Amino acid sequence: RWCLETILMRQLLAIALLLTCLPAFGQRYTQAFATITDLLASNPRTVNTNAVVLGRDSANDGGGGNFYYNATSSATTNKGTIFKPNSYSGRWFRVADPFEVNAAWFGAIPDDGLDDSVAIQAAMDYCYSQKRGTVHLNGGLYHLNSSLYAPHRVNLVGAHGWKFTELAS
């Protein structure tokens, strides 16, 4: 009887140990990338499924953020909140409020001298697809080579603390 109780106790202890240790072994942690290009070039099946990106085209350009990888997704890439890895299936999704969008996520970088109209319009169109939202512009000068269409229930807001955010055509 004593041996049977000892064997059962050891089995219960082994099961408890397996239940607490195995989930931690299979867990993946966050990995950092300098740009979206670096994120998309990585193998999402060997790196972590959670990522922090420092910037869209360069570190601290305002287009970075947190992402998670979904290996089974075939969602349409919008180049702001959903990205397809270069050589793999699945999608990287930005972790953010879908109704508060930064135009830098879509490539609108102030003071760079490049056309920002396509990126700002893409950000507004994304909010419109969510049925409402606000597109935030970082402070600075945005160059526009084409007109912007502000859809219904979409706001365009300049940076807090700036006297103005200028859109120049």
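The values are calculated or read from the model by the stated rules, or taken from the named source; none is laboratory data. Keep in mind that this is a model prediction, so the values were computed, not measured. Every residue, glycine as well, gets a Cβ built from its backbone with ideal geometry; the counts of neighbours run over all protein chains shown. These accessible areas exclude ligands, DNA and RNA; they are computed on the full protein's heavy atoms, side chains included. Shrake-Rupley method; radii C 1.70, N 1.55, O 1.52, S 1.80 Å.
Go through the range 64-74 and give me each residue that's part of a loop (DSSP other than H, G, I, E, B) and open to solvent by less than 30 Å² (accessible area, probe 1.4 Å).
Keep residues of the range 64-74 that are part of a loop (DSSP other than H, G, I, E, B), which gives 64, 71-74.
Passing the criteria: GLY64, SER73.
Please state which of the following conditions CYS127 fails to meet, knowing it meets all the rest: (1) within 17 Å of ARG56 (Cβ to Cβ); (2) open to solvent by less than 50 Å² (accessible area, probe 1.4 Å).
If we test CYS127 against (1) within 17 Å of ARG56 (Cβ to Cβ); (2) open to solvent by less than 50 Å² (accessible area, probe 1.4 Å), just (1) comes out false.
If you scan the range 85-125, which residues turn out to be of a type in the set (Ser, Thr, Tyr) and assigned to a helix (DSSP H, G or I)?
First, the residues of the range 85-125 that are of a type in the set (Ser, Thr, Tyr): 87-89, 117.
Within the range 85-125, just SER117 meets the criteria.
Filter the range 36-63 for residues that are open to solvent by 20 Å² or more (accessible area, probe 1.4 Å), under 16 Å from GLY107 (Cα atoms) and out of contact with any Pro (no Cβ under 7 Å at 6 or more places or on another chain) and give the result.
THR37, ASP38, LEU54, ARG56, ASP57, SER58, ALA59, ASN60, ASP61, GLY62, listed by residue number.
From the list ALA108, ALA122, exactly one residue is of a type outside the set (Ser, Thr, Tyr), modelled with pLDDT of 90 or more, under 21 Å from ASP61 (Cβ atoms) and surrounded by 22 or more Cβ atoms within 10 Å (Cβ to Cβ). Which is it? Walk me through it before giving the result.
Numbers: ALA122 fails: surrounded by 22 or more Cβ atoms within 10 Å (Cβ to Cβ).
On inspection, the qualifying residue turns out to be ALA108.
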